[in-house]
1. So which of ARG79, ARG11 ends up being of a type in the set (Lys, Arg) and at pLDDT 95 or above?
2. Limited to the range 1-17, what total is found for residues that are loosely packed, with under 11 Cβ neighbours inside 10 Å and within 15 Å of the chain's Cα centre (by Cα)?
3. Does at least one position in the range 43-54 carry a residue that is within 30 Å of ARG79 (Cα to Cα), surrounded by fewer than 14 Cβ atoms within 10 Å (Cβ to Cβ) and among the aliphatic types (A, V, I, L, M)?
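The values are calculated or read from the model by the stated rules, or taken from the named source; none is laboratory data. Keep in mind the model is a prediction, meaning the values are calculated, not measured. Here the Cβ positions follow ideal geometry from the backbone for every residue, glycine too, while neighbour counts run over all protein chains shown.
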Amino acid sequence: MNGADVIDVARDGIWVIIMVAGPVMFIALIVGLIVSLFQALTQIQEMTLTFVPKIIAIFFSLLILLPYMGDTMGAFMQRIAERIIGLV
């Protein structure tokens, strides 16, 4: 395995991390934006109001996106295993 292969595996790994974590982070960002807009409009500054909706949204998004995340990480592992087999 040369340097180009290492960079290729690292690039693929970073891309998988972005694809797996990105949708959940985007949902948390949107929910946080909506909650902060609600707090700014109503001037309710309750601390639990910022955390509870985000936790619930992340929990449900993980339940919905778990098959996609598993498929993405499984495909990545398959590519890594094929590279390992190809080196022998």
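1. Numbers: ARG79 fails: at pLDDT 95 or above.
Going through ARG79, ARG11 in turn, just one is of a type in the set (Lys, Arg) and at pLDDT 95 or above: ARG11.
2. Step one: filter the range 1-17 for residues loosely packed, with under 11 Cβ neighbours inside 10 Å, giving 2-4, 6-7, 10-11, 14.
Of the ones still in play, those that are also within 15 Å of the chain's Cα centre (by Cα) are 14.
Of the residues in the range 1-17, 1 are loosely packed, with under 11 Cβ neighbours inside 10 Å and within 15 Å of the chain's Cα centre (by Cα).
3. So in the range 43-54, the residues within 30 Å of ARG79 (Cα to Cα) come out as none.
Checked against the condition, which is being within 30 Å of ARG79 (Cα to Cα), surrounded by fewer than 14 Cβ atoms within 10 Å (Cβ to Cβ) and among the aliphatic types (A, V, I, L, M), the range 43-54 yields no hits at all.
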